[in-house]
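Undergrad: First the structure, then my questions, so here it is.
Read-outs: derived from the displayed coordinates by stated rules, not from any lab. All figures in this text were calculated on a predicted structure; none of them were measured in a lab. Cβ: placed from backbone, ideal geometry, glycine included. Neighbour counts: every protein chain shown.
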Amino acid sequence: MQCPLCQSEDTRVVDSRSADRDTAIRRRRSCPACGHRFTTYERAAVVLVRKRDGRLEPFDAEKVRRGVNFCLADRAPETATIDAIVNAIETRTITSSTDISADDIGRMVLDALKDVDHVAYLRFASVHKEFQGAEDFERELASLDASDDG
Ligand SMILES: [Zn+2]
């Protein structure tokens, strides 16, 4: 853990204890380079996503990956590009200070695709506008064949 004051990489943990009723670990750290002391909290990176019917479910990066993969299917994307999109969205959900909804994730996918591939963006946008959200999107994809003839 880098020292926030002098950016030295070599900081030491001087105290470590459970916090927030065992949902976090609080660590006091000290920087030998400049003497600065600071605190870090370690938490499990579980993000709950609010679905449109109000239920909560854990964020599922693989679900996002499947949606992104589908939109980019014949666009020959590099795996690194897809990884970067999914990782960026996961990081945004983990670091978000507000509740995340399925619709928020849909918008994040849209933002990411806009920078990568316009055809994939339009594909996702057409579905997102109507169904709002990555998981609705996925469900609708699954039922597309069935609903073809109305
Ligand atoms: Zn320091």
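Undergrad: Can you compute the FRET efficiency between His118 and Asp10 using 1/(1 + (r/R0)^6), with r the Cβ-Cβ distance and R0 = 30 Å? Round to the nearest 0.05.
TA: For His118 and Asp10, the calculated efficiency is 0.05.
Undergrad: Further question: What residue among Ser18, Ala80, His36 has its Cα farthest toward the positive end of the dipole of segment 6-91, where the charges are +1 on Lys, Arg and -1 on Asp, Glu, each on the Cβ?
TA: Projecting each Cα onto the dipole axis, the largest value belongs to Ser18.
Undergrad: Give me the extension gain from Cys34 to Ser126: residue separation times 0.36 nm, minus the current Cα-Cα distance, reported in nm with one decimal.
TA: Stretched fully, the Cys34-Ser126 segment lengthens by 27.7 nm.
Undergrad: Classify segment 1-114 from the C-alpha gyration tensor, please: rounded if a/c falls under 1.5, else prolate or oblate depending on whether a/b exceeds b/c.
TA: The shape class here is oblate.
Undergrad: Could you please state, rounded to a whole Å, how far the C-alpha centre of segment 78-97 is from the C-alpha centre of segment 98-122?
TA: Here the answer is 11 Å between Cα centres.
Undergrad: Name the residues whose placed amide hydrogens come within less than 5 Å of the amide hydrogen of Leu48, ignoring near sequence neighbours (fewer than 5 apart) on the same chain.
TA: Under 5 Å from the amide H of Leu48 lie the amide H atoms of Phe59, each far enough along the sequence or on another chain.
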